[in-house]
Amino acid sequence: MKLARVNGRASLLTSDGAIDIEKTSNGQFSEHVQEIYSRWDEFLAAAPALLEGAAAPYGEADLGSPVEMPAHVFAIGLNYGAHATEVGVEIPTVPTVFTKFPATLTSPFSEFELSGDRVDWEVELVVVISKRADFVAMEDAWSHVAGLAIGQDISDRTMQFAAGGQFSLGKSYRDYGPIGPWLTTLDDVENPDDLSLRCWVNDELMQDGRTSSMIYGVPHLISAISDICPLLPGDVIFTGTCKGTGVGLDPPRFLKPGDVVRSEIEGLGQIHNAAVAARRS
Ligand code: ZN
């Protein structure tokens, strides 16, 4: 099942179009997707009836991020060994967790203004939480996940590696967190622990990996983070990127105005985002 925000309203996508959840449920469920994540089991039970509702056509430009200002957006650094090597950092012995601030999240087919001359791409599997995860054991972790989506952890390497380590700011410029194109619910993902992920810049394949190569898989990440603070319904985890980012190339390569970053994960679709020049200096 595909859960999306269409013109800001929570919707189910089918081959016939988009079904507005609030209207089809006669107000039983909200148009706000975060409220749906907080009633996830109830929503899943109602979904077969909702899928009988009237579908309206929609286009790419109508799709927003399938989350809306979540409480937490965690991200994982250095979670693929080959990427850790390409950026010249030792493989971590515990997950390297940082945050992207929620206001950086944006729609799957958006533009982002380049914050400098060292802005990089990172395709990532994104996990969206359903029920609150608090001290969750690894074996129970997947039962706290609503579904999966594609994310781009767009990164300003200058700010990221600035004195003092400004990881979170370097990854939180405006529109540096496209997610989408929709949330694919977990029941529709055959093997969530092993999905191919790829990223192109202007149709040149830059990243080509598999999520099974993660050092810390999704259950480990949920368990480790929920030991420290609870994960709430609709929270997001960017699970790290694989080899092939611009900073790891020799010579390094970064995004220029007009470049289009296209990201794909097996079974989850594709998103594409265009880099544009900063509109203010
Ligand atoms: Zn990343």
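The values are calculated or read from the model by the stated rules, or taken from the named source; none is laboratory data. These numbers were taken from a predicted model, which means no experiment stands behind them. Every residue, glycine among them, receives a Cβ derived from its backbone with ideal geometry; neighbour counts consider all protein chains shown.
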Discussion item. Given (1) under 22 Å from Met214 (Cβ atoms); (2) within 16 Å of the ligand (Cβ to nearest atom); (3) surrounded by fewer than 23 Cβ atoms within 10 Å (Cβ to Cβ), identify the lone condition not met by Val126.
Written reply: (3)
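Among the residues that make up the range 147-160, is at least one of them away from the ligand (no atom under 15 Å from the Cβ) and over 21 Å from His83 (Cα atoms)?
Start the filter on the range 147-160 by keeping residues that are away from the ligand (no atom under 15 Å from the Cβ), which leaves 147-148, 158.
With over 21 Å from His83 (Cα atoms) added as a condition, the list becomes 147-148.
Yes, there is a match, as at least one residue in the range 147-160 is away from the ligand (no atom under 15 Å from the Cβ) and over 21 Å from His83 (Cα atoms).
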Item to complete: Run Ser30 past the list (1) in contact (Cβ under 8 Å) with a residue 24 or more places away in the chain; (2) assigned to a loop (DSSP other than H, G, I, E, B) and report the number of the one that doesn't hold.
Response: (1)
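Counting only residues that are at pLDDT 95 or above and either within 16 Å of the ligand (Cβ to nearest atom) or under 17 Å from the mean Cα position of the chain (by Cα) (or both), how many does the range 61-83 have? Please lay out each step first, then the result.
Narrowing the range 61-83 to residues at pLDDT 95 or above: 61-76.
Checking the rest, the ones that are also either within 16 Å of the ligand (Cβ to nearest atom) or under 17 Å from the mean Cα position of the chain (by Cα) (or both) come to 63-76.
Number of matching residues: 14.
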Worksheet item: How many residues does the range 220-262 contain that are within 28 Å of Val119 (Cα to Cα) and either in a strand (DSSP E or B) or not assigned by TED's automatic domain parsing to the domain that holds Asp117 (or both)?
Response: 9
Discussion item. Cβ contacts < 8 Å: first residue closer than 15 Å to Val201 by Cβ, restricted to the range 110-121; second residue at pLDDT below 95 and among the small types (Gly, Ala, Ser), any location; separation 6+ or different chain. Result?
Written reply: Leu114/Ala278
Item to complete: Within the range 100-109, identify whether any single residue is more than 16 Å from the ligand (Cβ to nearest atom) and either surrounded by 23 or more Cβ atoms within 10 Å (Cβ to Cβ) or not assigned by TED's automatic domain parsing to the domain that holds Asp235 (or both), and answer yes or no.
Response: yes
